[in-house]
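Below is one structure, written out as structure tokens; the observations come after it.
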Amino acid sequence: MPTDDATAPQSPLHRLLVIRHAKSDYPFGVVDHDRPLNARGRRDAPFIGSWIARTVPYPAGRPPLVLVSSARRAQLTWELARNGLGDQWRGCEERTEPRIYEAGLRTLLDLIGELQEVVGTAAVVGHNPTLRDLVAMTCPPNPLQLEATAKFPTSSVAVLTTDLPWAEATAAPMGFGVEAFTVPRA
């Protein structure tokens, strides 16, 4: 039976993946920005990619944009996660975004609000507490939002959606909703 367009489920205008870096190491004499992943982080990071590949629909015709903190642990997390994504995500655009490292919530919202409207799916690979604050301050409470904001541990992924343009979603109270949340672990 044909589906009436008015009742057909609509895809969100935008999808935002909020990814916290995997578990990092604390080697003596290494500054925070340059800390690598520890053994658990190197094991967990590929599972981030495989979870995304299974869970998040790849946007047809509009490759995702991935903004990665300049911190070594975030860069390594994305490198390993990308390996778990499979071929369909190989076409995504990746950018190192130094403003994510040590960003407060306002800076992160500004970065997201600056995204071009042609970007349907974006990912931010960064750090706490800002990522947890992003989910807490831009998404209305529901079981997934509450789980994500209770603790946003390393390797966490929250998938946020909005029917608003990027700039409006980041300026509006509760402009996003949590579609999925997980902590992939090896």
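Values quoted throughout were computed directly from the atomic coordinates according to the rules given, and no laboratory measurement underlies them. Because the structure is a prediction, the values reported are computed rather than measured. Neighbour counts are summed over all protein chains in view; Cβ atoms, including those assigned to glycine, are modelled from backbone coordinates with ideal geometry.
List the residues whose amide H sits under 5 Å from the amide H of ALA22, counting only those 5 or more places along or on another chain, with H placed 1.01 Å from N in the peptide plane.
THR77, SER155
With everything on Cα atoms, drop me the angle between helix 72-84 and the longest principal axis of the chain, reported from 0 to 90° to the nearest 10.
That helix lies at roughly 50 degrees to the long axis.
Net charge within 12 Å of ARG185 by Cβ-Cβ distance, Lys/Arg positive one each and Asp/Glu negative one each, not counting ARG185 itself? It would help to have the intermediate numbers written out before the result.
Working: positive: LYS23, ARG40, ARG43; negative: ASP44.
Once all neighbours under 12 Å are counted, the net charge is +2.
Suppose we flag trypsin sites (Lys or Arg not before Pro) only when DSSP calls them loop and at most 16 other Cβ atoms lie within 10 Å. Which is the longest uninterrupted stretch of the chain?
On the way: sites that count: LYS151, ARG185.
Answer from the scan: 1-150.
Could you give the nm distance between label points at GLU102 and ALA167, where each point is 7 Å from its Cα heading toward the beta carbon?
Using points 7 Å along Cα→Cβ, the separation is 2.9 nm.
Can you list the HN-Hα couplings for the range 132-145, worked out from phi with the Karplus curve (6.51, -1.76, 1.60; θ = phi - 60°), rounded to whole Hz and with x for Gly and Pro?
Values, residue by residue: 4, 4, 4, 5, 5, 9, 10, 10, x, x, 8, x, 5, 5 Hz.
Points 7 angstrom from Cα along the Cβ direction at GLN116 and ARG54: gap in nanometres?
3.4
Taking the Cβ of PRO63 as the centre, find all other residues whose Cβ is under 11 Å away and add up their charges (Lys, Arg: +1; Asp, Glu: -1).
Charge balance in the 11 Å sphere: 0.
Taking only Cα atoms, what is the 0 to 90° angle, nearest 10, from helix 39-55's long axis to the longest principal axis of the chain?
Long axis of 39-55 versus the principal axis of the chain: about 10 degrees.
Write out the GluC sites (Glu not before Pro) in the range 116-186 meeting two conditions: DSSP loop, and at most 11 other Cβ atoms within 10 Å of their Cβ.
Hits after loop and neighbour filter: GLU117.
How big is the charge dipole of the chain about its Cα centre, in debye rounded to the nearest 20, if each Lys and Arg gets +1 on its Cβ and each Asp and Glu gets -1 on its Cβ?
Taking the Cα centre of the chain as origin, the dipole is about 860 debye.
One-quarter of the Cα convex hull surface for the range 1-138, in nm²?
Directional mean of the projected Cα hull area for the range 1-138 stands at 10.1 nm².
Give me, ordered by chain and number, the residues 5 or more places off GLU94 or on other chains with an amide H under 5 Å from its own placed amide H.
For GLU94, the qualifying residues are VAL66.
Go ahead and set up a Gaussian network model of the chain, Cα springs under 10 Å, then flag whichever of THR154, THR96, THR170 fluctuates most.
THR96
Given 37 °C and 0.692 mPa s, how large is the Stokes-Einstein diffusion coefficient of the range 98-186 in µm²/s, with Rh as the Kirkwood radius over Cα pairs?
On the way: Rh = 13.2 Å.
D, rounded to a whole number, is 249 µm²/s.
Are there chymotrypsin sites (Phe, Trp or Tyr not before Pro) in the range 28-81 that DSSP puts in a loop and that have at most 10 other Cβ atoms within 10 Å, and which ones?
PHE28
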